[in-house]
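K.L.:
Take a look at this one; I'll ask things after.
The values are calculated or read from the model by the stated rules, or taken from the named source; none is laboratory data. Owing to the predicted nature of the structure, the values given are computational and were not obtained by experimental measurement. Because the Cβ atoms are built from the backbone with ideal geometry, glycine has one as well, and the counts that use them run over all protein chains shown. Calculation scope for accessible area: heavy atoms of the full protein, side chains included, ligands and nucleic acids excluded. Shrake-Rupley method; radii C 1.70, N 1.55, O 1.52, S 1.80 Å.
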Amino acid sequence: MIVEVYDLECLSNLFTYTGYIPHTNEWFQYVIADWRNDSQQLYDHLTRGNFIMCGFNNNAYDYPLLHHFLRHFKGEYEYKSGLDVATALYDKSQYLIEEQFTEVKKPFIPQIDLYKIFHYNNKARRCSLKDLEIAMRMENVEEMPIHHTHWCNKEDCKLILAYNMNDVEATYRFLLVTLGKTDYPLYKGKNKLQLRFDLNKKFGANVTNMGDVPMGEELMLQLYSRAVGINPYELKRLGGTPRSEIKLKDCIPSWCSIKSKEFNTFLNKIKSTTIKGEKGEFSYSVIFHENKFDFGIGGAHSSIKPGVYESDDYWRIVDFDISSLYPSVAKSLGLYPAHLGPEFMQLYSQFIDKRIAEKHKPKSERDNVLIEGFKLILNGTYGKSNEDKSFLYDPLYTFSTTIAGQLFICMWCERMVEVCPELVFLQTNTDGVTVRIPRSSLEAIRKVNEQLTKETTLVIEEAFYSKMFLRDVNNYGAIYEDSTPDNEHIKLKGDFEIDKEFHKDPSMRIVPLAVKNYFVYGIPVEKTIKENRDIFNFCMRLKTNSACTPYFKYFDNNKINNRPLNRTTRYYISNKPIGLNPELEHGTIYKQFNDGRIIGVNIGYSATIFNKFIKLDNWEDYHIDYNFYIAEANKLKNPLAIKQFDLFSSI
């Protein structure tokens with residue numbers, strides 16, 4: 001099947017379509033306006049059959065507009081002028097936007113929506129095509145050059161077509177990422193699209209244009225509906241189980257056994273707390289073994305003071321993790337959304353058992369689609385159980401799962417300290433604990449873990465670190481014992497992340513890279529920063545919304561100028577002398593808010609706008625302000641590095 005990557009633009013009197021077929025390297029562009037009417041050619045192109053269309057947020061906007069065009073072409077648009085068709089499409093376009101987009105349930109042409117596949121329609125993962133252009137290091141980061149209300153002419157059309165083509169190029173590059181055809185570590189070799197096609201075939205469901213969590217929910221819906229003989233549409237119509245209040249004592253697991261005075265205060269707090277409403281709040285803190293544990297509805301967290309912690313001949317850093325915490329808790333306690341009945345847990349347990357059995361087979365015999373499909377179902381169930389629009393909705397199920405996990409952490413920590421009083425908690429999170437223990441105590445703690453597994457069925461896994469550089473539970477680096485310079489095995493979280501998911505801000509990658517090199521290899525941050533020759537590692541992303549307008553203030557022709565910037569702008573911090581390299585714009589950036597406030601960006605530093613990549617033969621001509629990046633690296637490094645002496649010398 002042929003795939004055509006496409007994008008369209010719709011202005012008040014101009015409609016453009018750009019398509020690209022990677023297989024044949026063919027480009028197609030069609031224009032509908034008063035000076036050119038490609039309506040018939042576009043209709044013929046779209047009705048030729050035997051192809052799939054691929055876009056970015058196309059299911060919500062681009063395709064519904066094309067679907068409208070296809071439905072109204074015969075007997076209507078085919079007889080209208082280019083201007084009449086363009087204005088009619090513009091009216092439909094504005095309707096789609098005002099209605100917050102309306103997907104077509106039965107498209108004439110199959111659609112692949114990369115925006116949906118990466119779940120960028122989720123508020124926490126919201127990501128635009130311009131954000132992706134920066135994340136993918138495209139040479140041209142371009143915003144719409146003309147406002148959609150502008151009455152266009154032929155010269156404007158040239159700009160729109162060029163912009164249209166750049167968007168299609170960006171979408172195609174992102175398609176390659178989706179297929180795993182990229183060197184970017186997080187996505188390399190992971191074919192998200194093929195997985196969805198395989199899941200469609202394996203489970204008889206249509207999950208092509210879904211993110212991982214919605215995909216897990218949809219697979220569960222289909223399989224559960226078949227198991228109980230209820231139409232999936234009826235299940236969705238019936239809804240979930242709303243709760244006006246939840247007594248947290250009802251969430252305490254049957255295997256809970258707390259001994260310490262400290263954690264018993266937390267248990268008593270749970271017993272006496274009632275959550276009012278379906279999105280209630282709950283928080284409590286406990287000091288245990290000189291460590292502060294913070295509990296909330298979502299989980300448990302703790303962290304030792306910032307610093308660098310190392311294994312040595314006496315001490316060993318061990319990271320213990322509960323395998324598949326939420327699915328395991330649900331199975332252990334027989335949890336299920338009340339409206340779905342015990343049949344749900346029976347099915348859910350089968351999925352867990354089948355996945356484990358499949359994973360235990362030799363690699364050559366494993367059904368990886370089944371393994372991945374059940375993983376999505378198991379994880380998605382918890383994620384959707386607290387969403388009121390999901391058929392899985394039951395907040396009691398959600399809270400029972402999280403409270404059980406927290407109380408397990410309490411039991412676990414108590415027992416580890418009981419057999420190893422020297423133990424030091426480095427960090428605790430919802431599904432695991434990282435500790436520094438005497439090497440001689442490892443077997444005693446393993447016995448604790450084995451006993452807990454017998455009591456709760458929760459399985460505990462372990463990994464070993466040679467070093468941790470840690471600011472808090474969400475921001476740290478951990479070097480595994482088997483890591484080597486040629487084959488690094490290092491976990492980086494939060495501000496220490498180097499290669500981030502594309503929806504996250506990729507600004508100044510050089511900073512965490514320099515900090516990693518310092519803590520792992522002892523290389524001064526100044527050396528890494530000054531010797532790096534990848535300009536994109538220094539680039540930053542400015543992203544604004546409708547609450548303000550970003551401006552670039554620069555000196556030109558002996559006067560100060562202020563020019564509006566794109567809402568998404570790529571730049572780097574520079575110290576370029578005035579008059580050199582005129583192709584690189586140099587100045588300062590600020591934001592002017594609608595209420596009149598003006599706030600500077602990177603105050604005290606100048607910037608070079610870099611939306612269009614320019615390759616310079618002489619690296620120094622970029623005039624990077626190394627002092628800025630060194631200062632940023634030191635902000636991340638110094639609070640930890642000054643504590644790099646042996647923090648346990650007094651223990």
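K.L.:
Test each condition in (1) part of a loop (DSSP other than H, G, I, E, B); (2) modelled with pLDDT of 95 or more; (3) more than 28 Å from the chain's Cα centre (by Cα) for Phe344 and report the one that comes out false.
P.N.:
(1)
K.L.:
In segment 351-368, is there at least one residue being over 30 Å from Ser285 (Cα atoms), assigned to a helix (DSSP H, G or I) and under 24 Å from the mean Cα position of the chain (by Cα)?
P.N.:
yes
K.L.:
Among the listed residues Tyr77, Tyr90, Tyr63, which satisfies the condition of being crowded, with 21+ Cβ neighbours inside 10 Å, out of contact with any helix residue (DSSP H, G or I) (no Cβ under 8 Å at 6 or more places or on another chain) and in contact (Cβ under 8 Å) with a residue 24 or more places away in the chain?
P.N.:
The match here is Tyr63.
K.L.:
Same structure again: Can Asn166 be described as of a type outside the set (Lys, Arg), in contact with a strand residue (DSSP E or B) (Cβ under 7 Å, 6 or more places away or on another chain) and farther than 23 Å from His67 by Cβ?
P.N.:
The answer is yes for Asn166.
K.L.:
Under 7 Å between Cβ atoms, at least 6 apart or on separate chains: pull out the pairs that start in segment 333-353 with a residue that is closer than 19 Å to Ala404 by Cα and among the aliphatic types (A, V, I, L, M) and end on any residue that is part of a loop (DSSP other than H, G, I, E, B) and open to solvent by less than 20 Å² (accessible area, probe 1.4 Å).
P.N.:
Leu333/Pro253; Ala338/Asp394
K.L.:
When the residues of segment 174-191 are filtered to those that are among the aliphatic types (A, V, I, L, M) and in contact (Cβ under 8 Å) with a residue 24 or more places away in the chain, which remaining residue is most open to solvent (accessible area, probe 1.4 Å)?
P.N.:
The selected residue is Leu186.
K.L.:
Still on this structure: For segment 342-365, enumerate the residues that are charged (D, E, K, R) and either surrounded by 14 or more Cβ atoms within 10 Å (Cβ to Cβ) or touching a strand residue (DSSP E or B) at 6+ places or on another chain (Cβ under 6 Å) (or both).
P.N.:
Lys354, Arg355, Glu358, Lys359
K.L.:
Another question about this same structure. Could you tell me which numbered condition Lys454 fails, if it satisfies all but one of (1) within 21 Å of Ile322 (Cβ to Cβ); (2) buried (at least 16 other Cβ atoms within 10 Å of the Cβ)?
P.N.:
Condition not satisfied by Lys454: (2).
K.L.:
Evaluate the following for Ser254: is it closer than 30 Å to Ser441 by Cα and open to solvent by 60 Å² or more (accessible area, probe 1.4 Å)?
P.N.:
yes
K.L.:
Sticking with this structure for a sec: State the number of residues belonging to segment 518-568 that are surrounded by fewer than 12 Cβ atoms within 10 Å (Cβ to Cβ), in a loop (DSSP other than H, G, I, E, B) and on the phi < 0 side of the Ramachandran plot.
P.N.:
5
K.L.:
Could I ask something else about it? Can you name every residue in segment 405-450 that is aromatic (Phe, Trp, Tyr) and more than 15 Å from Ser257 (Cβ to Cβ)?
P.N.:
Phe425
K.L.:
Of the residues in segment 529-542, how many are touching a helix residue (DSSP H, G or I) at 6+ places or on another chain (Cβ under 7 Å) and either farther than 15 Å from Phe628 by Cα or touching a residue at least 24 places away in the same chain (Cβ under 8 Å) (or both)?
P.N.:
Residues flagged as touching a helix residue (DSSP H, G or I) at 6+ places or on another chain (Cβ under 7 Å) and either farther than 15 Å from Phe628 by Cα or touching a residue at least 24 places away in the same chain (Cβ under 8 Å) (or both) within segment 529-542 amount to 7.
K.L.:
Oh, and also: Could you tell me how many of the residues in segment 192-229 are open to solvent by less than 60 Å² (accessible area, probe 1.4 Å) and either of a type in the set (D, E, K, R) or not in a helix (DSSP H, G or I) (or both)?
P.N.:
Of the residues in that region, 12 qualify.
K.L.:
With (1) part of a strand (DSSP E or B); (2) open to solvent by 60 Å² or more (accessible area, probe 1.4 Å) as the list, and Ile275 as the residue in question, which single condition is left unmet?
P.N.:
Among (1) part of a strand (DSSP E or B); (2) open to solvent by 60 Å² or more (accessible area, probe 1.4 Å), Ile275 violates only (2).
K.L.:
Related question: For Val213, all conditions in the list (1) closer than 27 Å to Lys543 by Cα; (2) within 20 Å of the chain's Cα centre (by Cα); (3) modelled with pLDDT of 95 or more hold save one; what is the number of the exception?
P.N.:
Result: Val213 fails condition (3) only.
K.L.:
Would you check if there is a residue in segment 601-620 being of a type outside the set (Ser, Thr, Tyr), assigned to a loop (DSSP other than H, G, I, E, B) and touching a Pro at 6+ places or on another chain (Cβ under 9 Å)?
P.N.:
no
K.L.:
Limited to segment 230-251, what total is found for residues that are farther than 21 Å from Phe282 by Cα and either over 32 Å from the mean Cα position of the chain (by Cα) or surrounded by fewer than 16 Cβ atoms within 10 Å (Cβ to Cβ) (or both)?
P.N.:
Initially, segment 230-251 is screened for residues farther than 21 Å from Phe282 by Cα, giving 230-240.
Okay, now just the ones that are also either over 32 Å from the mean Cα position of the chain (by Cα) or surrounded by fewer than 16 Cβ atoms within 10 Å (Cβ to Cβ) (or both), so 230-231, 233-234, 236-239.
Of the residues in segment 230-251, 8 are farther than 21 Å from Phe282 by Cα and either over 32 Å from the mean Cα position of the chain (by Cα) or surrounded by fewer than 16 Cβ atoms within 10 Å (Cβ to Cβ) (or both).
K.L.:
Which one of the conditions (1) in contact with a strand residue (DSSP E or B) (Cβ under 8 Å, 6 or more places away or on another chain); (2) basic (Lys, Arg); (3) farther than 30 Å from Asn638 by Cα does Lys543 fail to meet, given that it meets all the rest?
P.N.:
The failed condition is (3).
K.L.:
Still on this structure: If a residue has to be open to solvent by 50 Å² or more (accessible area, probe 1.4 Å), under 24 Å from the mean Cα position of the chain (by Cα) and aliphatic (A, V, I, L, M) to count, how many in segment 120-173 make the cut?
P.N.:
Residues meeting the conditions: 1.
K.L.:
Among what's in segment 319-341 and is small (Gly, Ala, Ser), over 19 Å from Glu462 (Cα atoms) and assigned to a loop (DSSP other than H, G, I, E, B), pick the residue that is most open to solvent (accessible area, probe 1.4 Å).
P.N.:
Among residues in segment 319-341 that are small (Gly, Ala, Ser), over 19 Å from Glu462 (Cα atoms) and assigned to a loop (DSSP other than H, G, I, E, B), the one most open to solvent (accessible area, probe 1.4 Å) is Gly334.
K.L.:
Is it the case that Ser39 is over 21 Å from Pro145 (Cα atoms), open to solvent by less than 20 Å² (accessible area, probe 1.4 Å) and not aliphatic (A, V, I, L, M)?
P.N.:
yes
K.L.:
Which one is farthest from the chain's Cα centre (by Cα), of the residues in segment 403-435 that are open to solvent by 10 Å² or more (accessible area, probe 1.4 Å) and closer than 23 Å to Tyr476 by Cβ?
P.N.:
If we filter segment 403-435 for residues that are open to solvent by 10 Å² or more (accessible area, probe 1.4 Å), which is where we start, we get 414-415, 417-419, 421-422, 424, 429-431.
If we keep only those that are closer than 23 Å to Tyr476 by Cβ too, we end up with 417, 422, 424, 429-431.
Working: Val417: 36, Glu422: 38, Val424: 32, Asn429: 19, Thr430: 19, Asp431: 20 Å.
Looking at residues that are open to solvent by 10 Å² or more (accessible area, probe 1.4 Å) and closer than 23 Å to Tyr476 by Cβ, I get Glu422.
K.L.:
I'm checking my understanding of the structure. Among residues of segment 472-508 that are buried (at least 20 other Cβ atoms within 10 Å of the Cβ) and not hydrophobic (A, V, I, L, M, F, W, C), which one is nearest to the chain's Cα centre (by Cα)?
P.N.:
The selected residue is Pro506.
K.L.:
Sticking with this one: Restricting to strands (runs of 3 or more DSSP E) lying wholly in segment 405-508: which have 3 or more residues that are closer than 30 Å to Ala135 by Cα?
P.N.:
Hits in segment 405-508: 460-472, 475-480, 490-493.
K.L.:
Here's a check for you: in segment 285-315, which residue that is open to solvent by 50 Å² or more (accessible area, probe 1.4 Å) and in a strand (DSSP E or B) is nearest to Asp472 (Cα to Cα)? Outline the logic, then answer.
P.N.:
Looking only at segment 285-315, we keep the residues that are open to solvent by 50 Å² or more (accessible area, probe 1.4 Å), and these are 285, 287, 289-290, 292, 294, 301, 305, 310, 312-314.
From what's left, in a strand (DSSP E or B): 285, 287, 292, 294, 301, 310.
Numbers: Ser285: 16, Ile287: 17, Lys292: 12, Asp294: 13, His301: 10, Glu310: 16 Å.
Restricting to residues being open to solvent by 50 Å² or more (accessible area, probe 1.4 Å) and in a strand (DSSP E or B), the top hit is His301.
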